[in-house]
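Participant: I have a structure I would like to understand better, so I am pasting it below and will then ask my questions one at a time.
The values are calculated or read from the model by the stated rules, or taken from the named source; none is laboratory data. Source: prediction; values computed, not measured. Positions of Cβ are backbone-derived with ideal geometry, glycine not excepted, and every protein chain shown enters the neighbour counts.
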Amino acid sequence: MSHSNLLKTWLPIGLAAVVIFFSSFTFVVREYEVALKLRLGEIVSDTYAPGLHFKIPILNQIRKFDRRLQTLDSQPERFLTIEKKDLIVDSYAKWRIARPAQFLRSTGGNNARTSRLLSERINTSLRDEFGKRTIQEVVSDDRLALMESLTKDVNANAADLGVEVIDVRVKQIDLPPEVSESVYQRMRAERERVARDLRAKGAEAAERIRADADRQRTVIIAEAYKESEEIRGEGDARSADIYAQAFTANPEFYAFYRSLAAYRESFGQGGSVMVLEPDSDFFRFFRESNGQP
């Protein structure tokens, strides 16, 4: 085999061996990681900056953890207030690894175990804080002070885990289902009472409006009747005045016209019988045209 063929055969193998040898003596720490170097299971260093670092194969082991902010979303738990009333509290916490060596010793670097231990401490702090407050205080403006006190207390309790608790927040506070039902019943009864009061006030206002409308109707009708009677009286007075003026202008014609009207009224009724003296004053215009005997 020629020298060039040997070079082509062994060069890739040599390069691969160099890469494997180099990688076994080095490790890389990324910006979002913290790293621990262990020698036969014992921590020897935890101060590695991001970048390339060296190790001794077999003798050293490297453990890396995510140092970014983590979220622990706990399951809703039941807590008692100072009034001995149950509340269902749903909370979450923001945390990160502060001391990698302590974190590895306390939790073994296991995320599930870390979540369980941290949840226990958060629930303990929640139980203590809610036990010192009333329902009104935990749902009112004092809630911010509750969050600050809770975060401080949980952070102190979680120091042995090697983590730093940045924030603890209560997402929701509910009453237990059995209590909620009774509260809803009371609210429903109160709403029904308010509705009855409003309906009663509405009926009272309707009766008052109806009575006022009836009064106004009576007043309007009375005023209209009064005005009509006044107009009728003025018409009658005007008519009498016209009759008087006509009578004064020509008494004989007026008497003749009134007699004709009387004849029309008397003789126009069919089936009527009148018994009168022929020489009575009623027939005076039958005797003479001027009504004289």
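Participant: Would you confirm whether or not region 41-59 contains a residue that is within 46 Å of the chain's Cα centre (by Cα), at pLDDT 80 or above and over 30 Å from GLU137 (Cα atoms)? Before you say what the answer is, go through the steps one by one.
Facilitator: Within region 41-59, the subset within 46 Å of the chain's Cα centre (by Cα) is none.
No; the residues of region 41-59 include none that is within 46 Å of the chain's Cα centre (by Cα), at pLDDT 80 or above and over 30 Å from GLU137 (Cα atoms).
Participant: Oh, and also: Is it the case, given these coordinates, that ILE82 is assigned by TED's automatic domain parsing to the domain that holds GLU33 and surrounded by fewer than 16 Cβ atoms within 10 Å (Cβ to Cβ)? Before the answer, list the steps.
Facilitator: Values: assigned by TED's automatic domain parsing to the domain that holds GLU33: no; surrounded by fewer than 16 Cβ atoms within 10 Å (Cβ to Cβ): yes.
Answer is no for this residue.
Participant: Under 6 Å between Cβ atoms, which residue pairs at least 6 apart in sequence (or on different chains) link something in region 34-51 that is without any contact (Cβ under 8 Å) to a residue 60 or more places away in the chain with a partner that is of a type in the set (Lys, Arg) and surrounded by 17 or more Cβ atoms within 10 Å (Cβ to Cβ)?
Facilitator: VAL44/LYS37; SER45/LYS37
Participant: Let me ask something else about it. Considering only region 85-113, how many residues are more than 21 Å from LYS171 (Cβ to Cβ), in contact with a strand residue (DSSP E or B) (Cβ under 7 Å, 6 or more places away or on another chain) and not small (Gly, Ala, Ser)? Quick ask: steps written out before the conclusion?
Facilitator: Just the residues of region 85-113 that are more than 21 Å from LYS171 (Cβ to Cβ), to begin with: 97-113.
Now drop any that are not in contact with a strand residue (DSSP E or B) (Cβ under 7 Å, 6 or more places away or on another chain), which leaves 97-98, 100-101, 103-104, 109.
This time we only want the ones that are not small (Gly, Ala, Ser), so: 97, 100, 103-104.
Number satisfying all stated conditions: 4.
Participant: Of the conditions (1) closer than 30 Å to LEU72 by Cβ; (2) of a type in the set (Gly, Ala, Ser); (3) outside the structural domain of LYS94 (by TED's automatic domain parsing), GLY162 satisfies every one except a single condition; which number is it?
Facilitator: Going through (1) closer than 30 Å to LEU72 by Cβ; (2) of a type in the set (Gly, Ala, Ser); (3) outside the structural domain of LYS94 (by TED's automatic domain parsing) one by one, GLY162 breaks only (3).
Participant: If you don't mind, there's one more thing I want to ask. Looking at region 133-153, can you tell me whether even one residue there is of a type in the set (Lys, Arg), under 29 Å from PHE79 (Cβ atoms) and within 22 Å of the chain's Cα centre (by Cα)? Walk me through how you get there before you give the answer.
Facilitator: As a first pass, look at region 133-153 and keep what is of a type in the set (Lys, Arg): 133, 143, 152.
Checking which are under 29 Å from PHE79 (Cβ atoms) leaves us with 133, 143, 152.
After this cut, where a residue has to be within 22 Å of the chain's Cα centre (by Cα) as well, the list is 143.
So far as region 133-153 goes, yes, one or more of its residues are of a type in the set (Lys, Arg), under 29 Å from PHE79 (Cβ atoms) and within 22 Å of the chain's Cα centre (by Cα).
Participant: Confirm whether ARG121 is under 29 Å from VAL44 (Cβ atoms) and over 35 Å from the mean Cα position of the chain (by Cα). Talk me through it step by step, then tell me what you get.
Facilitator: Working: under 29 Å from VAL44 (Cβ atoms): no; over 35 Å from the mean Cα position of the chain (by Cα): yes.
Criteria not met by ARG121.
Participant: While we're looking at this one, here's another question. For region 27-76, how many residues are assigned to a loop (DSSP other than H, G, I, E, B) and not small (Gly, Ala, Ser)?
Facilitator: So the first thing to find is which residues in region 27-76 are assigned to a loop (DSSP other than H, G, I, E, B), and the list is 30-32, 40-41, 46-50, 55-59, 67-69, 74-76.
Still in the list and also not small (Gly, Ala, Ser): 30-32, 40, 46-48, 50, 55-59, 67-69, 75-76.
Number of matching residues: 18.
Participant: If you don't mind, another one. Show the residue pairs that are 6+ apart or on different chains and have beta-carbon atoms under 9 Å apart, the first residue being within region 87-104 and closer than 27 Å to PHE130 by Cα, the second being outside any strand (DSSP E or B) and among the aromatic types (Phe, Trp, Tyr).
Facilitator: Cβ pairs passing all conditions: LEU87/PHE130; VAL89/PHE130.
Participant: Is it true that PHE27 is farther than 24 Å from VAL165 by Cβ, surrounded by 12 or more Cβ atoms within 10 Å (Cβ to Cβ) and aromatic (Phe, Trp, Tyr)? Talk me through it step by step, then tell me what you get.
Facilitator: On the way: farther than 24 Å from VAL165 by Cβ: yes; surrounded by 12 or more Cβ atoms within 10 Å (Cβ to Cβ): yes; aromatic (Phe, Trp, Tyr): yes.
Answer is yes for this residue.
Participant: Only helices (runs of 4 or more DSSP H) wholly contained in region 94-183 count here; list those with 1 or more residues that are loosely packed, with under 14 Cβ neighbours inside 10 Å and on the phi > 0 side of the Ramachandran plot.
Facilitator: Values: elements: 100-107, 111-130, 135-139, 143-157.
In region 94-183, there are no helices (runs of 4 or more DSSP H) which contain 1 or more residues that are loosely packed, with under 14 Cβ neighbours inside 10 Å and on the phi > 0 side of the Ramachandran plot.
Participant: Of (1) of a type outside the set (A, V, I, L, M, F, W, C); (2) surrounded by 16 or more Cβ atoms within 10 Å (Cβ to Cβ); (3) within 22 Å of GLU164 (Cα to Cα), ARG68 satisfies all except one. Which?
Facilitator: Condition (2) is where ARG68 drops out.
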